[in-house]
Amino acid sequence: MLAIERRVRSGDVELAVREAGDPDRSTVVLVHGYPDTSARWVPVFERLEPRYHVVSYDVRGAGASSTPRGPNAYSLEHLVGDLGAVIDAVSPSRPVHLVGHDWGSIQGWEAVTTSRLEGRIASFTSISGPSLDHAGRWLRRKLRAGRIGQLLRQMAGSWYIAAFDIPGAGRVVARLAPRRNLDPRTVRNGVGMYRQSMRSRLLNPRDRHTDLPVQVVLPTRDPFVSPALLDGIERTSPNLWRRRVRAGHWIQRSHPDLVARWIAELVDHVEGAPPARSLERARVGAKRRPLEGNLVVITGAGSGIGRATALAFAERGAEVVAADINPTSAERTADLARLLGTNAFAVEVDVSDQQSMERFAKAVETEHGVPDVVVNNAGIGVAGPFLDHDFDDWRRVLDVNLWGVIHGSRLFAQQMVDRGEGGHIVNVASAAAFFPSRTLPAYSTSKAAVLMLSECLRAELAGKGIGVSAICPGLINTSITRTSSFVGLPREEQEKRRRAAIRIYQLRNFTPDRVATEIVRAVRENIAVVPVAPEAKALRFLSRLSPRVMRLLARVDSTPR
């Protein structure tokens, strides 16, 4: 549907309004900040328009709107009056869902915490703009508590507020505007908002509240509005959702898909839809366990560490997708997880097969959403001398142990990046990753590669808010000992060594649930490398302390007999 341009009168100004979408649907009103115009919202506007009636407008003195006259023409009272005029024009019979960025958000807080637009606003999404009343109280609290560091950081980002009070500041910044491709008139006029409201309201904050549904979006890299400035906002707005994202000030330009999705989740929920998983997690004050509501995908979940990990996350309230090459085992894990009171789903997948993994990742996204945690756990064991490993042995080990991790990391990391809300990837390596062994050349190589891959991914994805952990278990009593093969030996001798390995692991009796606990801890604390079991910790320490000793130990034939 083509956007409609119209003019809306508010007092002595005419506001340039742009709207699109079906007017019979929920109306979303987007209010821009300084020194912007409504054009700043275009990427989000275009993404919301197919589902909603979307409206944006140039505030007074900005863009195509007219310039007001009078000494107090840019007060918050006038700005809220303009917002009310727009709402009455575009949605006369139904309340709207308000979204504000920067000064648009400041206006929004003024609108929802006063009675002037009571009944005209259904929800409010605030991006990079605090309530001036809350900001004033925040400053007082920090002063009383002696939190000078936080005050100085915020003041360093907001230096321009004081500068705009200097006579002639508007003309100066207007002359600089073309260097930033800004409209000089919009820049000059907007200084009036700071002069007429900012200092007086920060120094004399009022005790105002709102019971409306409010969603606060906090870009953690915003140089102008620190997330700390919104600390305690739940006292002003008890019906609150808080979203944090690694982004800068103009998030509607850098992350339009994310902003549009978050707006839509709140609008849909307020209009009666069940809350989306991410919205449910963002609810402030809800009593929930730390991982409750997370979606966790686990490969190799049919037994051992994978099953224990699925149950550990299920115990903490996470939804679980248990994937395994054995569908019966995967379903059994899902059944056990459901007994713990959570949703669980079983999926058959071959992690070594690229197309199988691509179908799996797409199905998870389509049917359940983007996972918050992915545990690439599937693995197999092969032992024996290097010269007894043939090409098929190497391919089988690397396809499952390494390529399975590559497939899982690549496919789900891309989903997490596209979603923009962070996440965590756990890759299960082994203590063999630190320990060269003459009897485990293929297995150790695959696990060392998983460890290095995890370190590389951690460095790359940190800037996207995605953590990566490598888990390196020692001798864990799992079914891998029953399925491992010993190359270069007749079947009878293989079975003999397999039974010997099983006895050793059973005597050691370090259970998979202890590894699962460490996996959960790695996710919650974002730990890079986690050796599990005393021997794993000792091997990692020794590999760093004396690689030469490790090479000498590698000559020992440790294959069970």
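So in the stretch 268-278, with the set limited to residues that are touching a residue at least 60 places away in the same chain (Cβ under 8 Å) and in a helix (DSSP H, G or I), which one is nearest to the chain's Cα centre (by Cα)?
278
Residue-wise test of (1) under 28 Å from residue 463 (Cα atoms); (2) of a type in the set (Lys, Arg).
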{"residue": "350", "(1), (2)": "no, no"}
{"residue": "366", "(1), (2)": "yes, no"}
{"residue": "396", "(1), (2)": "no, yes"}
{"residue": "413", "(1), (2)": "yes, no"}
{"residue": "448", "(1), (2)": "yes, no"}
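Is it the case that residue 288 is surrounded by fewer than 19 Cβ atoms within 10 Å (Cβ to Cβ) and either part of a helix (DSSP H, G or I) or not assigned by TED's automatic domain parsing to the domain that holds residue 412 (or both)?
yes
In this structure, does residue 510 turn out to be of a type in the set (Phe, Trp, Tyr), surrounded by fewer than 18 Cβ atoms within 10 Å (Cβ to Cβ) and modelled with pLDDT of 65 or more?
Criteria not met by residue 510.
Within the stretch 334-393, which residues are over 28 Å from residue 466 (Cα atoms) and either in a loop (DSSP other than H, G, I, E, B) or not assigned by TED's automatic domain parsing to the domain that holds residue 417 (or both)?
Selection gives 339, 381, 384, 385, 389, 390.
When you look at residue 488, is it modelled with pLDDT under 95, in the same structural domain as residue 324 (by TED's automatic domain parsing) and touching an Asp or Glu at 6+ places or on another chain (Cβ under 6 Å), yes or no?
When the stated conditions are applied, residue 488 passes them.
Filter the stretch 213-232 for residues that are at pLDDT 90 or above and either among the aliphatic types (A, V, I, L, M) or more than 18 Å from the chain's Cα centre (by Cα) (or both); which is farthest from residue 280 (Cα to Cα)?
Out of the qualifying residues, it is 218.
For the stretch 58-83, which positions are touching a residue at least 60 places away in the same chain (Cβ under 8 Å) and either in a helix (DSSP H, G or I) or outside the structural domain of residue 197 (by TED's automatic domain parsing) (or both)?
76, 78, 79, 81, 82
Check the stretch 91-100 and report whether any residue there is among the β-branched types (Val, Ile, Thr), assigned to a helix (DSSP H, G or I), buried (at least 21 other Cβ atoms within 10 Å of the Cβ) and in contact (Cβ under 8 Å) with a residue 60 or more places away in the chain.
no
Being of a type in the set (Lys, Arg) and under 15 Å from the mean Cα position of the chain (by Cα) is the filter here, so list the residues in the stretch 233-267 that pass it.
242, 243, 244, 246, 261
Residues that are of a type in the set (Asp, Glu) and surrounded by 16 or more Cβ atoms within 10 Å (Cβ to Cβ), at least 1 per element: which strands (runs of 3 or more DSSP E) completely within the stretch 1-57 meet that?
In the stretch 1-57, 13-20 are the strands (runs of 3 or more DSSP E) which contain 1 or more residues that are of a type in the set (Asp, Glu) and surrounded by 16 or more Cβ atoms within 10 Å (Cβ to Cβ).
From the list 145, 135, 156, 89, exactly one residue is more than 30 Å from the chain's Cα centre (by Cα) and modelled with pLDDT under 95. Which is it?
145
The rows are residues; the columns are (1) buried (at least 18 other Cβ atoms within 10 Å of the Cβ); (2) at pLDDT 70 or above; (3) closer than 20 Å to residue 401 by Cβ.
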site	(1), (2), (3)
455	no, yes, yes
466	yes, yes, no
495	no, no, no
498	yes, no, yes
503	no, no, no
546	no, yes, no
552	no, yes, no
555	no, yes, no
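Determine, yes or no, whether residue 192 is over 14 Å from the mean Cα position of the chain (by Cα), without any contact (Cβ under 8 Å) to a residue 40 or more places away in the chain and either outside the structural domain of residue 95 (by TED's automatic domain parsing) or more than 13 Å from residue 130 (Cβ to Cβ) (or both).
no
Working carefully through the options 274, 256, find the one that is closer than 21 Å to residue 32 by Cβ and out of contact with any His (no Cβ under 8 Å at 6 or more places or on another chain). Don't jump to the end; show me each part of the working.
Numbers: 274 fails: closer than 21 Å to residue 32 by Cβ.
Only one candidate qualifies: 256.
Here is a check on your reading of the model: is residue 453 touching a residue at least 40 places away in the same chain (Cβ under 8 Å) and either more than 19 Å from residue 522 (Cβ to Cβ) or more than 17 Å from the chain's Cα centre (by Cα) (or both)?
Yes; evaluated as a whole, the condition is true for this residue.
The values are calculated or read from the model by the stated rules, or taken from the named source; none is laboratory data. Since the model is a prediction, treat every value here as computed from it, not as a measurement. All Cβ positions, even for glycine, are placed from backbone atoms using ideal geometry, and neighbour counts span all protein chains on display.
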